[in-house]
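The values are calculated or read from the model by the stated rules, or taken from the named source; none is laboratory data. In this text, all values refer to a predicted model and were calculated from it rather than measured experimentally. Every residue, glycine among them, receives a Cβ derived from its backbone with ideal geometry; neighbour counts consider all protein chains shown. Accessible surface areas use protein heavy atoms only, side chains included; no ligands, DNA or RNA. Shrake-Rupley method; radii C 1.70, N 1.55, O 1.52, S 1.80 Å.
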Amino acid sequence: MPFLAAKQGNADAQFEMGLKYLLGGEIHQDDKIAAKWFTCSAEQGNADAQFNLGLMYARGQGVQKCLETAVQWYSKSAEQHNDHACYNLAVLYEKGRGVDQNYEAAAGWYAVAAEHGDADAQTNLGFMYDNGLGVSQDHKEAVKWYSLAAEQGKDRAQYNLGMMYRLGLGVTQDYKSAMHWFQISAELGNSDAQFALGFHYTSGFGVHEDDELALMWWKIAAMSGHEEAKKQQTILEQTLSKEQAIAAQKCADEWMMSQ
């Protein structure tokens, strides 16, 4: 029984008890008791317990919210190569939350998780290389990490990769490849990619010029709150016939309903 082993000081059993109370089901869900068991396990060096305890302090779940304490537990877990802890710790360093802002430390922890295949970390590490944050700016390295994350279905990485192809940063400029990644990202709901598709269709970059499709994508992006798409759809509507505008709206509505 996990409870008996936990009471006897077994760190793995204590972690398991923390999960049981955190998730509920078999026993009554209780965040405070979960945090107590995670603490017992974490203090004995269990990396998963340390991560979960850090998460609870970051959220104020079962304990009083304290980002500084979250950083402490994430750090202990990250040092044992817990990828989730590495990623969360990197985010806090990047944002300067619970710790002094440190892009170099952020990039370092993103790199650990990214090397282990974490797609969010790969996306963020690509961004760090793209913008020279904590690392020397290197567009080829940015493309590498964006590509890995994009292949795992991360819409932000797909959009960013599309921009690299559009601008020819780290890769040979290729509008068709840009369109490929914008299309995939847009279908996943990324409003920046939706706006980019509209731009390509109205400009004819990598695709046959089609203002009706451009308007459709700008309307979709606008419905998601994209401010520039709202402006551009208004301008484009003034150049199209009433029938074209209605058709674009119908396609946009159908697309939104299909999601």
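Count the net charge of all other residues whose Cβ sits under 13 Å from the Cβ of residue 90, scoring Lys and Arg as +1 and Asp and Glu as -1. Don't skip to the end; give the middle numbers.
Details: positive: 95, 97; negative: 83, 94, 104, 115, 118, 120.
The answer is -4.
Cα centroids of region 204-245 and region 24-58: how far apart, whole angstrom?
A separation of 50 Å, based on Cα centres.
Determine the dipole magnitude for the chain: charges of +1 sit on the beta-carbon of Lys and Arg, -1 on that of Asp and Glu, nothing else is charged, the reference point is the Cα centre, and the result goes in debye to the nearest 20.
On the way: 20 positive and 34 negative charges, 107 e Å.
Roughly 520 debye, rounded to the nearest 20.
Step through the table entries 176/231; 65/144; 95/219; 176/219, compare each Cα-Cα distance with 29 Å, and write down the pairs that go over it.
Details: 176/231 26 Å; 65/144 37 Å; 95/219 32 Å; 176/219 22 Å.
Table pairs above 29 Å Cα-Cα are 65/144; 95/219.
Can you order the peptides 147-156, 186-195, 201-210 by their average number of other Cβ atoms within 10 Å per residue, highest first? Intermediate results must be reported in sequence, preceding the final value.
Working: 147-156: 19.8, 186-195: 22.0, 201-210: 15.2.
Output ranking for 147-156, 186-195, 201-210: 186-195, 147-156, 201-210.
Sort the following peptides by mean Cβ neighbour count (other Cβ atoms within 10 Å, averaged over residues), highest first: 220-230, 247-257. Numbers along the way, then the final one.
On the way: 220-230: 18.4, 247-257: 14.9.
Descending packing order for the listed peptides: 220-230, 247-257.
Take each uninterrupted DSSP H stretch in the chain, measure its Cα extent along the helix axis, and return the ones at 15 Å or beyond whose mean Kyte-Doolittle hydropathy is at least 0.0. Spell out each step's value before the answer.
Numbers: long enough: 11-23 (18 Å, 0.28); 31-42 (16 Å, 0.12); 47-59 (18 Å, 0.08); 67-78 (16 Å, -0.32); 83-95 (18 Å, -0.18); 103-115 (18 Å, 0.32); 119-131 (18 Å, -0.60); 139-151 (18 Å, -0.58); 155-167 (18 Å, -0.72); 175-187 (18 Å, -0.39); 191-203 (18 Å, -0.09); 211-223 (18 Å, 0.66); 227-237 (16 Å, -1.45); 242-258 (24 Å, -0.53).
Going by DSSP H runs, the hits are 11-23, 31-42, 47-59, 103-115, 211-223.
Sticking to Cα atoms, compute the Rg of the chain to one decimal and its Dmax as the biggest Cα-Cα distance, whole number, in Å.
Every Cα atom of the chain included, Rg and Dmax give 23.3, 77 Å.
Express in nm, to one decimal, how much length is gained between residue 8 and residue 247 on full extension, taking 0.36 nm for each residue of separation and deducting their alpha carbon distance. Please report the intermediate quantities before stating the final value.
Working: separation 239, 0.36 × 239 = 86.04 nm, distance 6.94 nm.
Roughly 79.1 nm would be gained on extension.
What does the helix-only formula give at 222 nm for the chain: each DSSP H stretch with n ≥ 4 adding -39500 (n - 2.57), the total divided by the residues, and the result rounded to the nearest 500 deg cm²/dmol? Display every interim value, and only then the final one.
Details: 15 runs with 188 residues, N = 259.
Result for the chain, helices only: -23000 deg cm²/dmol.
Per residue, how much accessible surface does the chain expose to a 1.4 Å probe? Answer in Å², no decimals.
Numbers: 13090 Å² over 259 residues.
Here the per-residue accessible area is 51 Å².
By per-residue mean of other Cβ atoms within 10 Å, what is the highest-first order of 36-44, 134-142? Mind dumping the intermediate values first?
Numbers: 36-44: 22.0, 134-142: 16.1.
Top of the packing list down: 36-44, 134-142.
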